[in-house]
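Novice: Before anything else, here's the structure in question.
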Amino acid sequence: MWSFFSEARVRQLSVGWGILLIVGLFLSSAVRALPSLGIAGLFLTGVGYSLQHKRIAQRAHWPELLSFVLIYLLHLVTGLWHSTLANPALRQDLVLELPFVLLPVAFLLLPSWQAAHKRTLWLVLIGCCLAAAASATLNYLAHLKEINRIYLESRVMPTEPDHIRFSLLVSMAVLAGASLVLGRELPRRWRQLTAAGVGLLFLFQHLLAARSGLVTMYAGGALWLGWLGWQLNRWKDVLRISLLIAALAGTSLLCFTTLRNKIIDTQTDVGKIKSVAAANNYSMTARVYSYDIAWDIIRAHPLAGVSRVGLADAMAAGYGARFPQIERAHYLLPHNQFIFNLAAYGAVGLLVFLVGFYYPLWVGWRRRNVRLLLMYLIISLSFLVEYTLESQVGVLTGLFFILLAAAPSEPTPHGSPTR
């Protein structure tokens with residue numbers, strides 16, 4: 001039985017499970033189990049490989065891989081401190097955060113990824129983003145006037161997954177694709193196709209006009225161009241790409257009504273921040289008041305917080321007491337992962353989260369792993385305006401692609417058709 005888990009087969013299975021996980025992110029509303037199947041497949045494949053070969057393949061990398069488990073322990077310990085497993089909300093939270101155990105352990109047990117296999121998964125991400133972007137664009141063209149109008153109401157076109165997470169995935173696809181093309185990691189024909197796909201996704205990000213997506217894409221682009229220039233001394237490439245980005249951005253501003261309307265909506269939203277009632281209609285204003293309530297909770301529970309399962313009730317009580325003008329339907333949890341964690345887990349919990357989540361970044365910085373730095377930059381910027389890690393798609397977006405970028409890789413064997 002155990003001979004099934006040969007190194008070659010395990011690597012092939014890992015790619016297959018990774019593809020299922022990525023595709024599942026885009027189909028999770030229709031088939032919610034798909035991402036979970038991908039996670040379970042990677043985990044069980046890693047366990048089978050480890051048992052057959054009687055070794056932990058990535059033992060040397062255990063600190064940066066298992067540091068993510070601290071985040072799960074944070075949810076478990078604080079949840080049990082404030083509640084019991086009889087609480088459905090706690091059980092749901094523990095299941096939701098289970099990838100912080102299963103995926104790091106899977107990457108710990110699996111053999112090193114071949115470079116071509118990792119490239120395959122990045123290309124699958126790009127392909128899925130293109131397919132989802134095409135679907136959203138066709139729907140936009142079919143409902144042009146209505147969708148243009150809702151952009152003035154702090155709403156955006158429907159996407160799968162939701163526009164926040166989707167915009168982050170598009171940013172990852174654009175930057176990963178650009179690094180594959182400019183790093184000359186693909187055959188010429190694949191470089192051309194990937195470059196075209198990256199260009200289309202760059203334009204779509206402007207059509208979607210989700211603020212988180214635009215900020216993460218441009219910030220990541222600036223980091224990558226800086227790396228090309230100062231680390232690789234490819235200043236001519238930096239200049240050419242910068243001019244192309246400026247031209248595409250200018251074209252987008254002229255051609256995309258959604259982008260212009262989002263700019264107008266953002267300006268209006270900022271102007272409404274002092275009006276409490278505006279939180280019922282404007283997303284940025286609503287976020288500001290969610291931060292106010294969260295800071296009240298933090299001041300009352302500075303060290304241990306109120307726990308993840310108690311945060312919603314604490315926020316609702318704060319809204320009712322301080323801002324009765326805001327309707328219950330528009331109560332928000334704090335849309336900032338750091339403030340969210342500080343309110344839920346206190347200063348001690350936030351420190352545990354920072355160590356657990358960012359220790360691999362420190363290791364990646366020392367190893368000059370620029371793709372890992374890009375993934376961390378995208379996720380960290382999203383943390384400033386969202387509680388990214390509190391949904392299934394958010395957890396996997398914030399974890400799987402970081403692990404993939406950080407995973408040790410081996411050169412593809414000579415003559416492989418994937419090179």
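Bear in mind these aren't lab numbers, they're just calculated from the coordinates by the rules spelled out. What you see is a predicted model; the values in this text were computed from it and never measured. When we count neighbours, we look across all protein chains shown, and the Cβ atoms used for this are built from the backbone with ideal geometry, even at glycine.
Novice: Using a cut-off of 14 Å between beta-carbons, work out the net charge of the residues near Trp295 (Lys and Arg +1, Asp and Glu -1, Trp295 not included).
Specialist: +1
Novice: Please list, in chain and number order, the residues 5+ apart from Gly305 or on another chain whose amide H is under 5 Å from its amide H, with Hs placed from the backbone.
Specialist: Gly346, Ala347
Novice: Taking 7 Å along the Cα-to-C-beta vector as the label spot, tell me the Ile273-Asp313 distance in nanometres, rounded to one decimal.
Specialist: Result for the modelled spin labels: 3.3 nm.
Novice: Enumerate the amide H contacts of Glu410 below 5 Å, restricted to partners 5 or more residues apart or on another chain; note that Pro and chain-start residues carry no placed amide H.
Specialist: Under 5 Å from the amide H of Glu410: Trp113, Gln114, Ala115.
Novice: What distance in nm separates the simple spin-label points at Arg240 and Ser409, each placed 7 Å from Cα in the Cβ direction?
Specialist: 2.2 nm
Novice: Using modelled backbone amide H atoms (1.01 Å from N, in-plane), which distant-in-sequence or interchain residues come within less than 5 Å of Tyr387's amide H?
Specialist: Close amide H contacts, sequence-distant or interchain: Asn336.
Novice: Given an 8 Å cut-off on Cα distances and at least 6 residues of separation, report the relative contact order of the stretch 124-271 as a percent.
Specialist: RCO, the stretch 124-271: 30 percent.
Novice: Go through 323-334, 289-300 and give me the packing order, highest mean Cβ count within 10 Å leading.
Specialist: The most tightly packed comes first, giving 289-300, 323-334.
Novice: On a full-extension model of 0.36 nm per residue, what is the gain between Leu51 and Ala347, subtracting their alpha-carbon distance, rounded to one decimal in nm?
Specialist: 102.6 nm
Novice: Shifting gears a bit: Given points 7 Å out from each Cα along the Cα-Cβ axis, report the Asn233 to Trp190 separation in nanometres with one decimal.
Specialist: Placing both labels 7 Å along Cα→Cβ, they lie 2.9 nm apart.
Novice: Which parts of the stretch 147-182 would a label at Ile264 reach, counting a residue when its backbone N lies under 14 Å from a point 7 Å out along Cα-to-Cβ?
Specialist: 147-155
Novice: Taking the mean number of other Cβ atoms within 10 Å as a proxy for protection, how do you rank 179-185, 355-361, 53-59 from highest to lowest?
Specialist: 355-361, 179-185, 53-59
Novice: Right, another one. Give the order of Leu208, Leu350 when sorted by the count of other beta carbons within 10 angstrom, beginning with the fewest.
Specialist: Listed from fewest to most nearby Cβ atoms, that is Leu350, Leu208.
Novice: To continue, here is another question. Got the relative contact order for the chain handy, in percent, Cα pairs under 8 Å and 6 or more residues apart?
Specialist: 20 percent
Novice: Further, regarding this structure: Rank Ala178, Ala134, Tyr151 by how far each Cα sits towards the positive end of the charge dipole of the stretch 90-186 (+1 on Lys, Arg Cβ; -1 on Asp, Glu Cβ) and give me just the farthest.
Specialist: Selected residue: Ala178.
Novice: Something else now. Tell me the relative contact order for the stretch 1-116 as a rounded percent, counting alpha carbon contacts under 8 Å between residues six or more apart.
Specialist: Rounded, it is 34 percent for the stretch 1-116.
Novice: On the first, second and third principal axes, largest extent first, how far apart are the outermost C-alpha atoms of the chain in Å?
Specialist: Per principal axis, max minus min of the Cα coordinates gives 67, 55, 41 Å.
Novice: Which FRET efficiency value, to the nearest 0.05, do you get for Leu66 and Gln92 by plugging their Cβ-Cβ distance into 1/(1 + (r/R0)^6) with R0 = 30 Å?
Specialist: E(calc), rounded to 0.05, equals 0.80.
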